[in-house]
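Below is one structure, written out as structure tokens; the observations come after it.
The values are calculated or read from the model by the stated rules, or taken from the named source; none is laboratory data. Being a predicted model, the structure only gives us computed values, none of them experimental. Methodologically, a virtual Cβ is constructed for each residue, glycine included, from the backbone with ideal geometry; neighbour enumeration extends over all protein chains shown.
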Amino acid sequence: MRNFLFKGGVLPGDFPDYSKLQKLREESGADIIVGGSVLKADDKSGTVRMALILWARNIADGKLLWTTYYVKSGEDYRKFFHFGKIFSLNELATKMLSDIVIEWEKNLK
């Protein structure tokens, strides 16, 4: 996907125009494109925090299907004492994306 967009001259953070979406649909067979941005990532004072926004668009017409704004800290995953707490931004991003996908799957059923 990244290579497809890069070759088409679509820069990170930009949304591809209609013709590029149609070419993507032809080449990949995909009906939906998912993207997003990290709005804030903080790794200060021993606690990691992140805010991100994700969206999905219909490739056929480019219309926005849904969007999700999500904010979490490593502390939010603490279970008992320090167990479960997340200490790295990479691990926090991975866990947040997993949470979002699980929630989207629930809503599709």
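A few points about this structure:
- Answer residue from the stretch 46-67, given it is surrounded by 14 or more Cβ atoms within 10 Å (Cβ to Cβ) and not aliphatic (A, V, I, L, M) and is modelled with the highest pLDDT among those: Arg49
- Listed by first and then second residue, the pairs with beta-carbon distance under 7 Å, at least 6 apart or on different chains, first residue in the stretch 71-96 and hydroxyl-bearing (Ser, Thr, Tyr), second at pLDDT below 85, are Tyr77/Gly84.
- Residue that is farthest from the chain's Cα centre (by Cα) [pool: residues in the stretch 2-26 that are modelled with pLDDT under 75 and part of a helix (DSSP H, G or I)]: Lys7
- Residue within the stretch 91-105 that is over 21 Å from Asn3 (Cβ atoms), at pLDDT below 90 and either touching a helix residue (DSSP H, G or I) at 6+ places or on another chain (Cβ under 6 Å) or of a type in the set (Lys, Arg) (or both) present: no
- Out of Asp31, Asp43, sole residue that is modelled with pLDDT of 85 or more and closer than 19 Å to Leu5 by Cβ: Asp31
- In the stretch 20-49, residue nearest to Lys63 (Cα to Cα) [restricted to those that are touching a Ser or Thr at 6+ places or on another chain (Cβ under 9 Å) and either of a type outside the set (A, V, I, L, M, F, W, C) or touching a residue at least 60 places away in the same chain (Cβ under 8 Å) (or both)]: Gly36
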